[in-house]
Amino acid sequence: FFSELTFNNFIHRVREEAGLHTDINRPFADGFWRGFRAHLVSPPIVKDHVLTLRRVRAEAMSLASLHEKGWCGPEDLKLLERLVLQRKNCLVIGNTGSGKTTLLNALVDKATGDRCLFIEDTPELVRPNLLSLKLLTRSDSQGLLMEVTQTDLVRQSLR
């Protein structure tokens, strides 16, 4: 940015276009802006605004393409495919940016005939078929809408 003014103008534009609202009670907000996942943190918990933009991949990678990139060996690839085909429960954990969403999209790609239910904060997982369903959390920093938490969505998924 050329100056503090151009930075603040950019933050303002992103806030407006993505509908991000922060205030003293809720100094952070999540949303989408022009194909990016946006996370904004505002004063007083930071000195200046902090905006994080993460690109959401347009197309999911397959297990084969992950293998080609050296992400896993041939035995690991067979194990992952077998887990999905046998409908085993899998827990995918890792740090931010470690590839959890990429791996989940690749695994779900193998579940073409199954109904998958996704509970997400942000819509990043790709539905493998029309049988599948996404439930998304909702937070409203302006207090106009009821908040929908992951707990609420898990409860609804059981029905």
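With all protein chains kept in place, the per residue accessible area of the stretch 111-159 amounts to 69 square angstrom at a probe of 1.4 angstrom. Pairs of lysine residues in the chain that meet both criteria, 8 or more places apart or on different chains and Cα atoms under 27 Å apart, total 13. Its relative contact order, with pairs defined as Cα atoms under 8 Å and 6+ residues apart, puts the chain at 13 percent.
Between residue 112 and residue 89, the modelled labels are 2.8 nm apart [label points 7 Å from Cα along Cα→Cβ]. Dividing the helix sum by the residues of the chain, where each DSSP H run of 4 or more adds -39500 (n - 2.57), gives a mean residue ellipticity at 222 nm of -9500 deg cm²/dmol.
Structure remark: mean-square fluctuation, Gaussian network model of the chain, C-alpha springs under 10 Å; the largest value among 145, 51, 20 belongs to 145.
Quickly rank 79-86, 103-110 as a protection proxy: mean count of other C-beta atoms within 10 Å, highest first.
Ranked by mean Cβ neighbours within 10 Å, highest first: 103-110, 79-86.
Distance between the 7 Å Cα→Cβ label points at residue 64 and residue 2: 4.9 nm. Here the chain is treated with +1 on each Lys and Arg Cβ and -1 on each Asp and Glu Cβ, and its dipole about the Cα centre works out to around 420 debye.
The values are calculated or read from the model by the stated rules, or taken from the named source; none is laboratory data. From a predicted model like this one, the values you see are computed outputs, not experimental measurements. Because the Cβ atoms are built from the backbone with ideal geometry, glycine has one as well, and the counts that use them run over all protein chains shown. Each accessible area value is taken on the protein alone, full model and side chains, heavy atoms only, with ligands, DNA and RNA left out. Shrake-Rupley method; radii C 1.70, N 1.55, O 1.52, S 1.80 Å.
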